[in-house]
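Peer 1: Have a look at the structure that comes next, please.
The values are calculated or read from the model by the stated rules, or taken from the named source; none is laboratory data. In this text, all values refer to a predicted model and were calculated from it rather than measured experimentally. Cβ placement follows ideal geometry from the backbone for every residue including glycine, while neighbour counts extend to all protein chains displayed. For accessibility, only protein heavy atoms count, side chains too; no ligands or nucleic acids. Shrake-Rupley method; radii C 1.70, N 1.55, O 1.52, S 1.80 Å.
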Amino acid sequence: MPHLPLTSRLDRYIFRLTIVPLLGVFVLAASLLVLDQMLRLFRFVTTEGGPVGVVFQMLGTLLPDYASLAIPLGLLLGTLFAFRQLALSSELDVMRAVGLSYTRLLRVPYAITLALIAINAALVFYVQPVSKYYYEELQFDLRSGALGASIKVGEFTTLGDRMALRIQSSEDSGRQLKGIFARIMTKDGEVLSISAREGRFLSTSDNPDTIILRLSDGTIVQDPKGQTPRVLSFTLHDLPIDLPAIQSFRQRGEGEAEYILPELLRIGWSDKSSETQRDASQASLNYRMVELAMMLFMPLLAVALAIPPKRSTSALGVFVAVVLVVAYHKVNQYMQDFAALGRVDPLLGLWGPFAIFAALIVWWFWQIAYVPGGQPIGALENAFAKFVKGLARIVRPKRRSHAFQTQQGTGPTTS
């Protein structure tokens with residue numbers, strides 16, 4: 001290959017063409033996943049009566065999981081769009097004519113790939129397992145009330161086993177309550193009905209398991225068994241409320257998804273672990289490794305599918321690339337589940353599809369890079385073009401027949 005004085009400029013040019021769509025696809029994919037989960041989490045938090053702010057904490061714990069999916073997809077489409085633009089603008093033909101090989105042109109995409117593999121490895125082996133645990137802990141805290149159950153306006157809220165509370169309105173972020181009604185069952189079976197104009201929750205320094213509801217301007221109706229009800233008016237009344245006991249959350253490591261890399265290695269090959277634990281740990285480790293290893297082949301797949309046939313601007317390669325990567329990811333997930341159950345060896349179930357897919361990618365890249373006139377998706381392009389033409393032949397006669405019938409029905413008639 002001849003020496004080019006503008007090699008560094010070429011690298012910067014390819015880097016700019018690759019990084020912009022890469023970041024765009026990453027942000028778009030992560031945003032779509034986050035928005036889908038955000039609606040579900042808002043419904044969940046509202047149902048459980050927790051603070052709205054916990055939704056964003058839960059989304060933060062899900063970001064590493066989404067990033068590990070969006071990074072390979074962004075790498076694939078970023079490289080694909082870069083080489084597709086080079087091909088459509090004929091710049092790729094010029095670069096090839098001056099002696100630049102595809103191996104040389106892939107230098108920058110592979111530098112980006114190695115950096116993204118390092119980031120993704122840190123995510124899947126260390127950050128993601130811990131974030132999954134924190135996500136489960138936030139869900140547990142919501143259900144148990146550790147995050148503070150909110151008092152729903154206009155509805156009866158049960159506090160403990162002996163109190164039902166309803167408020168008409170809430171102000172100052174829930175600190176000031178208006179239009180309060182409470183019904184309490186005492187230990188001796190007496191029923192108290194309390195209404196007040198307003199109230200406020202106060203904490204107690206001597207007993208953290210009890211809070212005080214300070215009521216203002218209200219009445220208390222006592223209804224003793226077998227006696228006449230009594231009505232008492234008050235200006236201020238402190239109503240103690242016992243908080244329910246909150247269980248502590250479990251330790252991290254209930255499932256293999258929460259194991260970091262050293263724990264996977266220790267549990268997966270330890271004689272002290274049960275067979276189920278070993279199968280699950282080995283399946284999880286191999287699943288994470290094949291997902292990372294496949295990133296090494298993403299630039300090759302992108303180049304093979306980015307360059308359309310001559311005199312064609314079809315974007316079929318983009319569609320095929322996304323379908324292949326998503327399908328391969330789903331196959332890995334299914335194989336991980338089978339391997340975790342002990343139904344298939346993880347080496348065969350996970351590295352077998354990897355070897356087949358990698359061989360297909362290498363063959364496609366060899367066709368585009370080293371075979372004169374080679375075009376991996378040329379057959380798909382031709383098949384798609386024939387399908388479109390066949391569909392047009394089916395639809396066009398129907399339209400002509402309909403137009404002919406319309407002209408006959410609206411034309412002049414002779415007697």
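Results for (1) modelled with pLDDT of 90 or more; (2) surrounded by fewer than 16 Cβ atoms within 10 Å (Cβ to Cβ), shown as yes or no for each residue.
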{"residue": "Val323", "(1), (2)": "yes, yes"}
{"residue": "Asp345", "(1), (2)": "yes, no"}
{"residue": "Pro353", "(1), (2)": "yes, no"}
{"residue": "Trp363", "(1), (2)": "yes, yes"}
{"residue": "Val388", "(1), (2)": "no, yes"}
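Peer 1: Can you name the residue in the range 114-139 that is open to solvent by 50 Å² or more (accessible area, probe 1.4 Å) and hydrophobic (A, V, I, L, M, F, W, C) and, of all such residues, is nearest to Glu263 (Cα to Cα)?
Peer 2: Step by step, filter the range 114-139, then rank; the result is Val127.
Peer 1: Out of curiosity, is Arg230 open to solvent by 50 Å² or more (accessible area, probe 1.4 Å), free of Cβ contacts under 8 Å to residues at least 12 places away in the same chain and in contact with a Pro (Cβ under 9 Å, 6 or more places away or on another chain)? Talk me through it step by step, then tell me what you get.
Peer 2: Numbers: open to solvent by 50 Å² or more (accessible area, probe 1.4 Å): yes; free of Cβ contacts under 8 Å to residues at least 12 places away in the same chain: yes; in contact with a Pro (Cβ under 9 Å, 6 or more places away or on another chain): yes.
The answer is yes for Arg230.
Peer 1: Does Glu48 satisfy being of a type outside the set (S, T, N, Q), open to solvent by less than 70 Å² (accessible area, probe 1.4 Å) and modelled with pLDDT under 90?
Peer 2: Working: of a type outside the set (S, T, N, Q): yes; open to solvent by less than 70 Å² (accessible area, probe 1.4 Å): yes; modelled with pLDDT under 90: yes.
Answer is yes for this residue.
Peer 1: Continuing with this model, one more query. Taking the residues in the range 206-251 that are hydrophobic (A, V, I, L, M, F, W, C) and modelled with pLDDT under 70 as candidates, determine which candidate is nearest to Ser193 (Cα to Cα). First the steps, then the outcome.
Peer 2: Taking the range 206-251 as the starting set, the residues that turn out to be hydrophobic (A, V, I, L, M, F, W, C) are 211-213, 215, 220-221, 231-232, 234, 236, 239, 241, 243, 245-246, 249.
This time we only want the ones that are modelled with pLDDT under 70, so: 243, 245-246.
Details: Leu243: 20, Ala245: 25, Ile246: 28 Å.
If we take residues in the range 206-251 being hydrophobic (A, V, I, L, M, F, W, C) and modelled with pLDDT under 70, then Leu243 is nearest to Ser193 (Cα to Cα).
Peer 1: If you don't mind, another one. Counting only residues that are in contact (Cβ under 8 Å) with a residue 12 or more places away in the chain and in a loop (DSSP other than H, G, I, E, B), which one in the range 209-227 is surrounded by the most Cβ atoms within 10 Å (Cβ to Cβ)?
Peer 2: Kept after step one, since they are in contact (Cβ under 8 Å) with a residue 12 or more places away in the chain, are these residues of the range 209-227: 209-225.
Narrowing the set further to residues that are in a loop (DSSP other than H, G, I, E, B) leaves 209, 224-225.
Details: Asp209: 11, Pro224: 13, Lys225: 8.
The residue in question is Pro224.
Peer 1: Check whether at least one residue in the range 370-377 is among the aromatic types (Phe, Trp, Tyr), open to solvent by 40 Å² or more (accessible area, probe 1.4 Å) and part of a helix (DSSP H, G or I), and report yes or no.
Peer 2: As a first pass, look at the range 370-377 and keep what is among the aromatic types (Phe, Trp, Tyr): 370.
Next cut, open to solvent by 40 Å² or more (accessible area, probe 1.4 Å) only: 370.
Cutting the leftovers down to part of a helix (DSSP H, G or I) gives us 370.
Looking through the range 370-377, at least one residue is among the aromatic types (Phe, Trp, Tyr), open to solvent by 40 Å² or more (accessible area, probe 1.4 Å) and part of a helix (DSSP H, G or I).
Peer 1: Still on this structure, please answer the following. Is it fair to say Leu39 is farther than 27 Å from Leu296 by Cα and surrounded by fewer than 16 Cβ atoms within 10 Å (Cβ to Cβ)?
Peer 2: On the way: farther than 27 Å from Leu296 by Cα: yes; surrounded by fewer than 16 Cβ atoms within 10 Å (Cβ to Cβ): yes.
Taking the combined requirement at face value, the residue satisfies it.
Peer 1: List the residue pairs whose Cβ atoms are under 7 Å apart, where the first residue sits in the range 111-135 and is touching a residue at least 40 places away in the same chain (Cβ under 8 Å), the second is open to solvent by 50 Å² or more (accessible area, probe 1.4 Å) and outside any helix (DSSP H, G or I), and the two are 6 or more positions apart or on different chains.
Peer 2: Tyr133/Arg252
Peer 1: If you check Leu100, Leu92, Leu62, Leu39, which single one turns out to be part of a helix (DSSP H, G or I) and either closer than 30 Å to Ile307 by Cβ or among the β-branched types (Val, Ile, Thr) (or both)? Before you say what the answer is, go through the steps one by one.
Peer 2: Values: Leu100 fails: part of a helix (DSSP H, G or I); Leu62 fails: either closer than 30 Å to Ile307 by Cβ or among the β-branched types (Val, Ile, Thr) (or both); Leu39 fails: either closer than 30 Å to Ile307 by Cβ or among the β-branched types (Val, Ile, Thr) (or both).
Within the list Leu100, Leu92, Leu62, Leu39, the selection yields Leu92.
Peer 1: OK, next. Hey, among the residues in the range 188-205 that are over 20 Å from Arg162 (Cα atoms) and at pLDDT 85 or above, which one's nearest to the chain's Cα centre (by Cα)?
Peer 2: Ranking the candidates gives Glu198 first.
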